[in-house]
Amino acid sequence: MSMAEDAVRTEAVRPHHTLWGDAFIRLRRNRLAVIGGILVLLIALAAIFVPIFSPYGFAQQNLDAIREGPSWSHPFGTDELGRDVFTRLFAGARTSLMVGIFTQVIVLAIGLPIGAAAAYAGGRADNLIMRFVDVMYAFPDILLIILIRAILGGSIYMIFLAIGLVAWVSVARLVRGQILSLKQRDFATAAKAMGAPGRYIVWRHLLPNSLGPIIVLVTFGIPRAIFAEAALSYIGIGIKPPTPSWGTMIRDGYDLIFSAPHLVLFPAIALGILMLAFTFLGDGLRDALDPRLRR
């Protein structure tokens with residue numbers, strides 16, 4: 001019994017800690033990943049504090065200052081209703097970050113248990129679950145999101161849920177593949193020989209050793225969710241006014257792109273920077289957690 005416990009401790013715990021220590025060192029050496037992380041942090045802080053301390057509310061109108069260009073009083077100008085674009089831009093960043101983060105919470109809540117159950121159950125249960133996953137994976141994402149949103153309604157929370165209900169399949173497939181590989185390892189076999197139940201083995205040993213690829217996938221999933229929300233808002237079925245959204249701001253400014261290009265330029269640049277920052281961070285995490293780089 002003690003030898004089995006030593007096997008579990010040696011292969012599951014110590015390498016797990018070593019992996020995260022080495023991964024952090026490699027991530028810190030990746031300049032693009034560090035830049036991406038800093039940009040995400042700065043945008044998140046600005047999204048929290050700029051709408052609070054701004055002298056203008058994001059829905060506050062000034063009909064005497066319609067479609068003004070950038071100035072000292074309005075750094076990013078004003079829109080067609082005289083609202084301050086700078087304040088609305090970072091209020092929209094708050095919306096985009098909420099969509100990206102909360103959508104991934106829903107994705108993990110659905111994808112983790114389904115993928116883990118399919119992998120550990122095996123046999124017919126695995127085939128049945130994965131055929132359902134394959135059917136969900138075959139649907140075009142945006143069309144399925146539009147369908148779910150039409151059924152559930154157009155509130156911001158329903159948009160979180162709609163995107164999450166579409167995006168979980170990638171996590172489920174990844175978790176299944178990871179657990180199928182790990183459950184043949186010595187520490188899982190030793191835990192099973194000790195009489196540990198399957199649920200305990202999955203949540204205590206298999207999933208913690210699968211966290212690296214899952215974190216990378218979630219990091220890449222955040223910009224995809226942000227882009228999906230922006231696309232929905234651009235075609236008019238996303239976030240409803242007066243809540244700011246970068247997609248809505250781009251759509252509203254598109255008709256005025258020649259007379260007031262700042263209405264499109266600033267939200268488009270912000271959307272690109274945020275998605276690029278998460279991409280840099282995701283690439284860095286993927287390289288840092290690559291098992292081929294472990295010592």
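The values are calculated or read from the model by the stated rules, or taken from the named source; none is laboratory data. Nothing here was measured: the structure is a model prediction, and the numbers come from that model. So basically every Cβ, Gly included, is an ideal-geometry build from the backbone, and we count neighbours across all protein chains shown.
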Quick check: anything in region 271-291 at pLDDT below 85, over 25 Å from residue 42 (Cα atoms) and either of a type in the set (A, V, I, L, M, F, W, C) or surrounded by fewer than 20 Cβ atoms within 10 Å (Cβ to Cβ) (or both)? yes
Residue tally, condition free of Cβ contacts under 8 Å to residues at least 60 places away in the same chain and surrounded by 23 or more Cβ atoms within 10 Å (Cβ to Cβ), over region 232-241: 1
Could you check, for region 242-262, whether at least one of its residues is free of Cβ contacts under 8 Å to residues at least 60 places away in the same chain, surrounded by 18 or more Cβ atoms within 10 Å (Cβ to Cβ), under 23 Å from residue 69 (Cβ atoms) and aliphatic (A, V, I, L, M)? yes
Residue 43 - would you say it is at pLDDT 90 or above, more than 19 Å from residue 247 (Cβ to Cβ) and either of a type outside the set (Gly, Ala, Ser) or in contact with a strand residue (DSSP E or B) (Cβ under 7 Å, 6 or more places away or on another chain) (or both)? no
Flag for residue 33 being in contact with a Leu (Cβ under 8 Å, 6 or more places away or on another chain) and either at pLDDT 90 or above or closer than 30 Å to residue 128 by Cβ (or both): no
